[in-house]
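Visitor: Below you will find the structure I want to go over with you.
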Amino acid sequence: MNIPFKIGSKTLRQVFFISITTTIWVMPGMAQTEKTAAEKYEEFRQKALGKYDSFRKKCNDEYVAFLRQAWQQFKMQPTLPKPKEEPIPPVVLPIEERERPIESRPIPFDNILPAPVITPQPQPIEPINVTPVPIKRLHSFVFFGTSLEVSLTLEEKFHLKSCEENAIADAWQILADGRFDGLLRECLSIREERNLCDWAYLLMLRELADSFLGKDTNEATLLAGFLYCQSGYKMRFARQGGHLCLLYSTLNYLYDRASWIIDGERFYAEDNTQGDIYVCKASYPRETALSLAIPKIPTLEEDLSEQRTRTSSQYPEIQVNITNNKNLIDFYATYPTSMYNDDFGTRWAFYANTPASEEIRQQLYPYLREAIQGVSQQEAGNRLLNWVQTGFEYAYDNEIWGEDRAFFPDESLFYPYCDCEDRSILFSRLVRDLMGLEVILLYYPGHLATAVCFTENVPGDYLIIKGKRYVVCDPTFINAPVGYTMDGMDNSTAHVILLE
């Protein structure tokens, strides 16, 4: 990862070119000398790095001073249980009714939930200066079936005498003296090269620290917290008895997770800590809360599942054999369900806005593209819709998982069963990727459907949102074509969930 250093408003690269034309003159009577471009570049670079090092050192010195102060006790907040609703069973439309004329009628809806905003990933407060050192022995660890390597030696292992204030502060001082800067740069490079979202990056740092210093040890927690903090993320350290805990902040409200309110912000335990804890309230400059968005799929080594066949009943020629990367499925299983802006309907937007994996794009998309090629948007929508309606077996989450659980698009293709929310998430992904059309989610109490903004004249039940016409498409109304609202749905209570 190439992070340019800056001097004022100029990067070092700009300063380098400026310095080529700069001549250094000496006093009259003395021999005139001119520094080489390389010498001047190195001079500027050292000054810039010294400035950055001084600022970062100042921040860490101040943080160490805060760590030494008395930590305050905080009570755990009541956990937020996942919403429980009576799920509405799928409805089957008789085949003969499928051919009846479709009326176009506007339908009401209750309110509109905006799409969650995706922000850039946090960065260190300043570029990390890494002084060239001899090549170290590489430390290997495995992250969701993916082998990763970083530069660490046995000499860099450390031991905490306790998790009291001064012991933590002394250890942080060692971590911040520069010896782990190379490791930090490597972690940030892995984040970029492997397309790790914030949640994946936090898990990766924990796996790295556990593999190097021992699983769930206080030393591993401290190292993971240090790397997480120095990467630009908002975190706090807490202790409970002799156990050190890492707390992270996110703008999402997580279901069924222990949390604590610190200076008006909610923090969650990175492990299973619960109850009252003592917390160091010290903040770090420019720290940023973790985002639960997954704008890119993590690049993980392949461990392919057994093949599963999905076939449309109305269009039997649409039959696709699919395998999934089990490493990605295992990662998705760790993802915390949450809501955004205090509206639980937003939880589905995070799943629906996650791209399909490259494995699915290569296996599934060519067949579906061929199936909808050369037909109208209405017919293309009907073909994709029926494939999702009839190619997947329906089951209730409570029966399979014991609780409500939404699926990412890849998960619906992997697991043998799925429900209305999973089908709507998958269908919304397919329409956006294969037809290039806008899609919204429609939430009714106990049910989730979609509506598509066709650019051709497509009849059926529709909503007008910001001047655009969205036609209802319900992946759980079996055999129903585009434009049909499932029987029993009260559109006056429907919530519109905007997607990217």
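Please treat every number below as a calculation from the coordinates, not as lab data. The model shown is predicted, which means the values in this text are computed figures rather than measured ones. Ideal geometry is used to build each Cβ from the backbone, glycine not excepted, and the neighbour counts take in all protein chains shown.
Visitor: Which cross-chain or sequence-distant (5 or more) residues have an amide H under 5 Å from the amide H of Ala282, H modelled 1.01 Å from N in plane?
Guide: none
Visitor: Add +1 for every Lys or Arg and -1 for every Asp or Glu among the other residues with Cβ under 13 Å from the Cβ of Leu384, and state the total. Could the numbers behind the result be given before it?
Guide: Working: positive: Arg310, Arg369, Arg383, Arg423, Arg429, Arg432; negative: Glu370, Glu379, Asp433, Asp474.
Around Leu384, the charge tally is +2.
Visitor: Could you list Leu442, Leu434 so that the one with the fewest beta carbons within 10 Å of its beta carbon is first and the one with the most is last?
Guide: Details: Leu442 25, Leu434 16.
Ordered from fewest to most neighbouring Cβ atoms within 10 Å, Leu442, Leu434 come out as Leu434, Leu442.
Visitor: A further question follows. Quick one: putting +1 on the C-beta of Lys and Arg, -1 on the C-beta of Asp and Glu, what dipole do you get for the chain around its Cα centre, in Debye to the nearest 20?
Guide: Details: 50 positive and 68 negative charges, 421 e Å.
Computed charge dipole of the chain: roughly 2020 debye.
Visitor: Which one, Tyr417, Tyr63, Ser151, projects farthest toward the positive side of the charge dipole computed for the chain from Cβ point charges (K/R +1, D/E -1)?
Guide: Of Tyr417, Tyr63, Ser151, it is Tyr63.
Visitor: Among the trypsin sites (Lys or Arg not before Pro) within the stretch 417-471, which fall in a DSSP loop and have no more than 14 other Cβ atoms within 10 Å of their own Cβ?
Guide: On the way: sites: Arg423, Arg429, Arg432, Lys466, Lys468, Arg469; in loops: Lys466.
Sparse-neighbourhood loop trypsin sites (Lys or Arg not before Pro): Lys466.
Visitor: Could you pull out the longest piece of the chain with no exposed loop chymotrypsin sites (Phe, Trp or Tyr not before Pro) in it, calling a site exposed if DSSP puts it outside H, G, I, E, B and it has at most 12 other Cβ atoms within 10 Å?
Guide: Numbers: sites that count: Trp25, Trp401.
With chymotrypsin sites (Phe, Trp or Tyr not before Pro) excluded where exposed in loops, the chain gives 26-400 as its longest stretch.
Visitor: Positive end of the charge dipole of the chain (Lys, Arg +1 and Asp, Glu -1 on Cβ, about the Cα centre): tell me which of Ser189, Pro87, Pro316 has its Cα farthest that way.
Guide: So the residue furthest toward the plus end is Ser189.
Visitor: Order by neighbour count: His495, His139, His447, His159, fewest other Cβ atoms within 10 Å first, most last.
Guide: Values: His495 20, His139 17, His447 24, His159 10.
Ranking His495, His139, His447, His159 by Cβ neighbours within 10 Å, fewest first, gives His159, His139, His495, His447.
Visitor: To continue, here is another question. Which one is right for this structure if Rg and Dmax of the Cα atoms in Å is calculated from it: (i) 27.9, 92; (ii) 28.8, 97; (iii) 27.5, 104?
Guide: From the options (i) 27.9, 92; (ii) 28.8, 97; (iii) 27.5, 104, the structure gives (iii).
Visitor: I've got another one for you. Which of the listed residues, Gly483, Phe180, Leu160, is farthest toward the dipole's positive end in the chain, when Lys, Arg count +1 and Asp, Glu count -1 at the beta-carbon?
Guide: Phe180
Visitor: For the pairs Lys58/Lys157; Lys84/Lys468; Lys157/Lys296; Lys84/Lys215; Lys57/Lys281; Lys157/Lys281, flag any whose C-alpha to C-alpha distance is greater than 31 Å.
Guide: On the way: Lys58/Lys157 24 Å; Lys84/Lys468 33 Å; Lys157/Lys296 33 Å; Lys84/Lys215 35 Å; Lys57/Lys281 20 Å; Lys157/Lys281 27 Å.
In this structure, Lys84/Lys468; Lys157/Lys296; Lys84/Lys215 exceed 31 Å between Cα atoms.
Visitor: Between the stretch 360-374 and the stretch 429-473, how many Å separate their Cα centres?
Guide: Measuring centre to centre over Cα atoms gives 20 Å.
Visitor: Let me ask you something else. Using just the helices of the chain, give the 222 nm mean residue ellipticity in deg cm²/dmol: DSSP H runs with n ≥ 4 each add -39,500 (n - 2.57), and the total is spread over all residues, rounded to 500. Provide the component values of the computation, followed by the final result.
Guide: Details: 14 runs with 156 residues, N = 500.
After summing the helix terms and dividing by the residues of the chain, the value is -9500 deg cm²/dmol.
Visitor: Also, I was wondering about something else. Dipole of the stretch 92-184, Cα-centred, from +1 at each Lys and Arg C-beta and -1 at each Asp and Glu C-beta, to the nearest 20 debye? Spell out each step's value before the answer.
Guide: Numbers: 8 positive and 14 negative charges, 57 e Å.
Dipole size: approximately 280 debye.
Visitor: What are the residues whose amide H is under 5 Å from the amide H of Asp271, where those residues sit 5 or more places off or on another chain and H is modelled from the backbone?
Guide: It is Leu246, by chain and number.
Visitor: Continuing with this model, one more query. So how far, in whole Å, is the C-alpha centre of the stretch 198-242 from the one of the stretch 146-172?
Guide: Comparing the Cα centres of the stretch 198-242 and the stretch 146-172, I get a distance of 10 Å.
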